[in-house]
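Below you'll find the structure, written out as structure tokens, and then a few comments.
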2 protein chains.
Amino acid sequence: MSAVSTDLDAYLSTHDARIQRELFDLLRIPSVSARSEHDADTARAAEWVAQSLRDAGLEASVHPTGGHPVVVGEWRGAGAGAPTVLVYGHYDVQPAEPLELWTSPAFEPTIRDGKLFARGSVDDKGQLFLHVKALEAHLKARGRLPVNVIVLAEGEEEVGSEHLAGFIEANAARLQADAVVISDSAMFAPGLPSILSSLRGLAYFQIDVQGPAQDLHSGSYGGAVVNPAMALARILATMHDADGRIAIPGFYDAVHAWDARVLEQMRGLPFDEEHFRAEAGSPALGGEKGYTVLERLWTRPTCEVNGLLSGYTGEGAKTVLPAKAMAKVSCRLVPDQDPAAIEALMKAHVARVAPKGVTVTVTHLHGGRPWRAELAGPLFDAARRALAAAFGREPVITGEGGSIPVVGDFQRILGAPVLLVGFGLPGENAHAPDEWMSVENFTKGMRAIAALWDELGTSTGRTK
Amino acid sequence: MSAVSTDLDAYLSTHDARIQRELFDLLRIPSVSARSEHDADTARAAEWVAQSLRDAGLEASVHPTGGHPVVVGEWRGAGAGAPTVLVYGHYDVQPAEPLELWTSPAFEPTIRDGKLFARGSVDDKGQLFLHVKALEAHLKARGRLPVNVIVLAEGEEEVGSEHLAGFIEANAARLQADAVVISDSAMFAPGLPSILSSLRGLAYFQIDVQGPAQDLHSGSYGGAVVNPAMALARILATMHDADGRIAIPGFYDAVHAWDARVLEQMRGLPFDEEHFRAEAGSPALGGEKGYTVLERLWTRPTCEVNGLLSGYTGEGAKTVLPAKAMAKVSCRLVPDQDPAAIEALMKAHVARVAPKGVTVTVTHLHGGRPWRAELAGPLFDAARRALAAAFGREPVITGEGGSIPVVGDFQRILGAPVLLVGFGLPGENAHAPDEWMSVENFTKGMRAIAALWDELGTSTGRTK
């Protein structure tokens, strides 16, 4: 088993305290891309990341888009004979609400029990930043990198990466790479480095049900005016059958059988359903009949309610017949489901089941395609060696229930293989209060990525 | 047809501008009983009402309860041979939210097109105040009233009148009356004075569904952790069948056939379903199959969603699997449904249909019994004559879909017949933005009530 080079390891150890201070500074910026009132913060985070790339020794620029800016960092000193890698990450974060459920403030990084708590700690600022520091280690300790590097950091990942594909297309020549490396996922368990074999896609909707023109007295109108909140509940209840299977006609048409070897590997993973249940804090697990928990999470699509709002939700009782009701509903997709096709199916289904007496609108807020990795080749082999060097054991192949919509875009536009190697951990609360990242994983992650560049640079020929 | 006495009519005309100024002052107090942050306002409204009773010539006192205070005004100068009437009203109001939908501010009374807009204008401050001014007219114009009067004004009507029954019971001797008169309802149409034959009761619940211990990433957990918002939707969808009939087992057991003569009168009322639909601003009317709109509103029970809240409800998309979901659900009841019995049925039903993987709690926030009037006797006859005198036409007998929980308490504790004679109008937005009361109805309502005391005082013997 190879080891992380001593000079890189020493550099990162020497600068450990400064690196942590810098990371804290980045985490303090509330770059919530979904909230327009945070636009200035999101812009500030982009500038901060660009400056950190420059400090590491790259050239960096901030590119406006129709939404939040894209940051590009470049170092091309390895020469035309060396491979070029593109590192992707995002500097935007999920909203921090509900704020009262955070043990320490969402934007005031705090370490407790080896965990760094902050919104964005693991998703994805911490993981983006460990890449920046791995590059810095090479460039400061040795004055050079064994590969040419492009860093692409976006600010719209949490709201659907609306402008990223267009940016990549418009800059495809400049962004041409032999491999794409992304750290925006989790390891299967502590101490168990992991390479991802798949991602679920996403189709995210808002369903608006409009009943009467305004809120009405539920005594004076109730029973004769259709209640939009009850109508919404009845619409949502049609989306699954009694077995937890999605009942939207045509929904599974593009779902293909999973690779038997990957399924077999999954069954070999040390997964404790009771531990997973306890960590989620759920009274009991559930889901589609006939599948294990990992199969439900990684290989099966979902239809979830992400939010509900209607009428009176405050203290006490208000006898109102609400004018409207809203649900945020999202489907996780698996290969080869297409967000646009799911949008059409969802709209047709809701139109079919919507009761008379209300007006129902389905808006597709954003979507991303599911993705499946190629688990072979120089990039995959280099990653296995680098992870083994940093973590002291061979990585496992896992799946991922979440979505990184741009992965498919990279593969499609740049034609380069994508490596998903993340350093989060189960229970990290990525989209919830008390998000955290393991300090140990941050430390070893920097070293694994630093080693990856060595492995890739010395691999025979270009990776593609 | 009798007329309103000239002296009372002249007094009210002379003081019209002052009366309106005073009413505006009362409406400016945001006495929202459901919101603890308005407790001081609610207490201020109680003192204001007590002072207005004193100014009118009654003795008045404010009585603390476990919640908001009860105001009692008394004038007993008519002597033991004259009947004693108890006037009930409430000085608390519904919450004004959503504030942005008010054309003029909720607590800044404004007259437009003959309508007085303000929260509480018709429910019930305006109607309570017209009683105070009718009493004032007698006491100032003549120095006396033809009946003994007790005014009872509470501050918890909009939150279930929790402490009123106890107050009436504890003060039953002092509150003993031959008749109870309440103006907290609407006329059937402009110019059509109305006496109510029935009220629906209420059983108001909050359903809380707890899933995971905290909000989770819908990608990392979705499909294997039961979604509490989807579970809530499925629970709510079990509450009606496809015909709009409530599907909670046993729900209709105590519902009795309606009096055929009252049903026949209802069918004769000038009711325009299309006008009702347009006024509600609803795309189409709906409800239980086999009933007319008025029957649905007045004679049939309901099960409504009054509010929904779960997960992320802000701008954009957040891929969260919510920790919990909440619905406010209320049932309007008809004779002889009992709120406590409905509570037991609702809890049993929800427990039966709740899916595994979530914890569901049903809390009964408050209830009130339905009520049916006796449409005969001296009180009823006096009211018919007084309304005819003030409005120039015979009143109609109507039903009411709303609830006034204390009506049953008055009948039960004091043993006195209750007269419900209200001066609201359809479309008055009693629990919604832009609540209003007809200025004409306020003016004629004062005169009708002033005439009622004359009619009752001259009726042979006591009314009971």
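The values are calculated or read from the model by the stated rules, or taken from the named source; none is laboratory data. Computed from a predicted model, the values in this text were never measured in an experiment. FYI the Cβ positions are ideal-geometry reconstructions off the backbone, even for glycines, and counts take in every protein chain you see.
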Notebook entry, point to check: Inside the stretch A:291-306, can you point out the residues that are buried (at least 24 other Cβ atoms within 10 Å of the Cβ), in contact with a helix residue (DSSP H, G or I) (Cβ under 9 Å, 6 or more places away or on another chain) and either at the interface with chain B (Cβ under 7 Å from one of its Cβ atoms) or of a type in the set (Lys, Arg) (or both)?
Noted result: A:297, A:302, A:304, A:305, A:306
Note to self: So residue B:206 ticks every box in (1) within 11 Å of chain A (Cβ to nearest Cβ); (2) touching a residue at least 40 places away in the same chain (Cβ under 8 Å); (3) more than 24 Å from residue A:318 (Cα to Cα) but one. Which box is left unticked?
What the structure shows: (3)
Next item on the list: Spot the failing condition for residue A:8; the list is (1) touching a helix residue (DSSP H, G or I) at 6+ places or on another chain (Cβ under 7 Å); (2) part of a strand (DSSP E or B), and only one is missed.
Entry: (2)
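Only one of A:43, A:50, A:80 is surrounded by fewer than 20 Cβ atoms within 10 Å (Cβ to Cβ), small (Gly, Ala, Ser) and free of Cβ contacts under 8 Å to residues at least 24 places away in the same chain; which?
Result: A:80 is the single residue among A:43, A:50, A:80 that is surrounded by fewer than 20 Cβ atoms within 10 Å (Cβ to Cβ), small (Gly, Ala, Ser) and free of Cβ contacts under 8 Å to residues at least 24 places away in the same chain.
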Notebook entry, point to check: So which residues in the stretch B:20-52 are among the aliphatic types (A, V, I, L, M) and touching a Ser or Thr at 6+ places or on another chain (Cβ under 9 Å), if there are any at all?
Noted result: B:23, B:26, B:27, B:29, B:32, B:43, B:45, B:46, B:50
Check: Any idea how many residues of the stretch A:182-216 are small (Gly, Ala, Ser), buried (at least 24 other Cβ atoms within 10 Å of the Cβ) and closer than 30 Å to residue B:99 by Cα?
Finding: 1
Notebook entry, point to check: Does residue A:236 satisfy the criteria of being at pLDDT 95 or above and more than 7 Å from chain B (Cβ to nearest Cβ)?
Noted result: no
Note to self: Here are the criteria: (1) in a helix (DSSP H, G or I); (2) out of contact with any helix residue (DSSP H, G or I) (no Cβ under 6 Å at 6 or more places or on another chain). Tell me which single one residue B:266 does not satisfy.
What the structure shows: (2)
Margin query: Can you report the number of residues in the stretch B:307-324 which are more than 7 Å from chain A (Cβ to nearest Cβ) and either small (Gly, Ala, Ser) or surrounded by fewer than 20 Cβ atoms within 10 Å (Cβ to Cβ) (or both)?
Written below: 1
Check: Among the residues of the stretch A:357-371, which ones are at pLDDT 95 or above, in a strand (DSSP E or B) and either in contact with a helix residue (DSSP H, G or I) (Cβ under 8 Å, 6 or more places away or on another chain) or more than 7 Å from chain B (Cβ to nearest Cβ) (or both)?
Finding: A:360, A:361, A:362, A:363, A:364
Margin query: Any residue at all in the stretch B:104-115 that's touching a Pro at 6+ places or on another chain (Cβ under 6 Å), touching a residue at least 60 places away in the same chain (Cβ under 8 Å) and either assigned to a strand (DSSP E or B) or assigned by TED's automatic domain parsing to the domain that holds residue B:414 (or both)?
Written below: yes
Margin query: When you scan the stretch B:415-434, do you find a residue that is in a helix (DSSP H, G or I) and either within 30 Å of residue A:224 (Cβ to Cβ) or more than 14 Å from chain A (Cβ to nearest Cβ) (or both), even just one?
Written below: no
Next item on the list: Go through the stretch A:325-344 and count every residue that is within 11 Å of another protein chain (Cβ to nearest Cβ) and among the charged types (D, E, K, R).
Entry: 2
Item checked: Checklist (1) under 22 Å from the mean Cα position of the chain (by Cα); (2) within 14 Å of chain B (Cβ to nearest Cβ) applied to residue A:37, failing item -> (1)
Checklist line | Only one of B:408, B:427 that is in contact with a helix residue (DSSP H, G or I) (Cβ under 6 Å, 6 or more places away or on another chain) and surrounded by fewer than 21 Cβ atoms within 10 Å (Cβ to Cβ) | finding: B:427
Item checked: Residues of the stretch A:408-431 classified as of a type in the set (A, V, I, L, M) and touching a Pro at 6+ places or on another chain (Cβ under 9 Å), total -> 2
Note to self: Whether any residue in the stretch A:328-343 is over 24 Å from residue A:428 (Cα atoms) and of a type in the set (Gly, Ala, Ser) is what I want to check.
What the structure shows: yes
Check: Restricting attention to the stretch A:12-21, does a residue exist that is of a type outside the set (Asp, Glu), modelled with pLDDT of 95 or more and within 20 Å of the chain's Cα centre (by Cα)?
Finding: no
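Here is a yes/no grid of residues against (1) over 23 Å from the mean Cα position of the chain (by Cα); (2) in the same structural domain as residue B:444 (by TED's automatic domain parsing):
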site: B:161; (1), (2): no, yes
site: B:174; (1), (2): yes, yes
site: B:179; (1), (2): no, yes
site: B:221; (1), (2): yes, no
site: B:230; (1), (2): yes, no
Next item on the list: Filter the stretch B:11-29 down to residues that are crowded, with 21+ Cβ neighbours inside 10 Å and not in a helix (DSSP H, G or I), then give me how many there are.
Entry: 1
Note to self: When you check residue A:383 against the structure, is it closer than 24 Å to residue A:190 by Cα, in contact (Cβ under 8 Å) with a residue 12 or more places away in the chain, touching a Ser or Thr at 6+ places or on another chain (Cβ under 8 Å) and of a type outside the set (Asp, Glu), yes or no?
What the structure shows: no
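Every residue, every condition in (1) assigned by TED's automatic domain parsing to the domain that holds residue B:421; (2) under 25 Å from the mean Cα position of the chain (by Cα); (3) without any contact (Cβ under 8 Å) to a residue 40 or more places away in the chain, yes or no:
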residue	(1), (2), (3)
B:306	no, yes, no
B:310	no, no, no
B:320	no, no, no
B:344	no, yes, yes
B:348	no, no, no
B:360	no, no, no
Note to self: Return the residues of the stretch A:334-366 that are in contact with a strand residue (DSSP E or B) (Cβ under 7 Å, 6 or more places away or on another chain) and under 13 Å from residue A:228 (Cα atoms); say none if nothing qualifies.
What the structure shows: A:354, A:357, A:358, A:359, A:360, A:361
Check: Considering B:211, B:219, B:155, which residue is modelled with pLDDT under 95, on the phi < 0 side of the Ramachandran plot and not aromatic (Phe, Trp, Tyr)?
Finding: B:219
